[in-house]
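The values are calculated or read from the model by the stated rules, or taken from the named source; none is laboratory data. The structure presented is a predicted model; accordingly, all values stated were derived computationally and were not measured. Counting neighbours? That spans all protein chains shown, and the Cβs are built from the backbone with ideal geometry, glycine included. Protein only, heavy atoms only, side chains kept; ligands, DNA and RNA dropped before computing areas. Shrake-Rupley method; radii C 1.70, N 1.55, O 1.52, S 1.80 Å.
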Amino acid sequence: MTTISPPVRFTVFALALFVAVTPAGLRAQTRTIDRGVLLVLHDGEIVGREEFAVRHGTTSATAAGFTVASTALYPADRPDRSLVSVVELGADSFPTSVRLEVGNGDILRVAVGVGPRRITVRRGTATSESAREYPARERPIVLDDSVFAPLAVRPPAGRAGRRLSLHGALGDPLEIVDRGVESTLVDEATLSLQHLSLRFAGESVEAWYDDSGRLIKVDWPNRGMQVLRAPER
């Protein structure tokens, strides 16, 4: 990895990026194909909630690809930490850009750009700015233990990549395995769902989808985490 000099106007750039690509702004540009609320549980207790929307198209291509925008709140009942994310994916469901704003007293903004040869990560707070480049040897796959909405666009099974957290850390090699249709327990009901396993560094994240491709459940056993789609009202 190579550290590069940060742009002087990064903070202004990142702020403008988040204003331009928020869920409200995207409504006018693209068609919503999924919307919902994810409940985040740790050791069986609800610790957070994430509202999300998936839309056809991105800021660079109105038809091809997808945009996943979400707001995650922790704790779920009286939140003191928020994470606003916008992940754009190409037609192959691999990410092309990531924007994250974390608020918990201070504000952290992260912008990740994915090119054919390099991945650029820019981070900015009120007092500091930094930028770093990584070689793009493998395609990144967004997998984070705070924001789960990026999994609402089903990752490409049978493909390998490298785990990318929303904070911009490029981590371990990751393999996506299609387990087919299997039974699983969702809120005391047994459902038959499409099952994907995302495996990396001795861990696995299990993602479950219905016949329409909607994300229903996520299990992260190594971290005692489970994510359930809230019933629609």
*All but one of (1) modelled with pLDDT under 90; (2) farther than 18 Å from SER146 by Cα hold for HIS56; which doesn't?*
(1)
*among the hydroxyl-bearing types (Ser, Thr, Tyr) and touching a helix residue (DSSP H, G or I) at 6+ places or on another chain (Cβ under 8 Å), is that true of SER204?*
yes
*Residue check: is VAL86 in contact with a Phe, Trp or Tyr (Cβ under 7 Å, 6 or more places away or on another chain) and modelled with pLDDT of 95 or more?*
no
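Please give the strands (runs of 3 or more DSSP E) falling wholly within the range 182-233 in which 2 or more residues are loosely packed, with under 15 Cβ neighbours inside 10 Å.
189-200
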_Top-ranked residue of the range 135-145 - restricted to ones that are open to solvent by 30 Å² or more (accessible area, probe 1.4 Å) and over 17 Å from SER85 (Cβ atoms), ranked as nearest to the chain's Cα centre (by Cα)_ = ARG139
*Criterion violated by ARG214 - all others in (1) within 28 Å of ALA136 (Cα to Cα); (2) touching a residue at least 60 places away in the same chain (Cβ under 8 Å) satisfied*: (1)
*Could you please give the count of residues in the range 95-134 that are in a strand (DSSP E or B) and open to solvent by 60 Å² or more (accessible area, probe 1.4 Å)?*
8
*Being surrounded by fewer than 15 Cβ atoms within 10 Å (Cβ to Cβ), of a type outside the set (Asp, Glu) and in a strand (DSSP E or B) is the filter here, so list the residues in the range 146-176 that pass it.*
ALA160, GLY171, PRO173
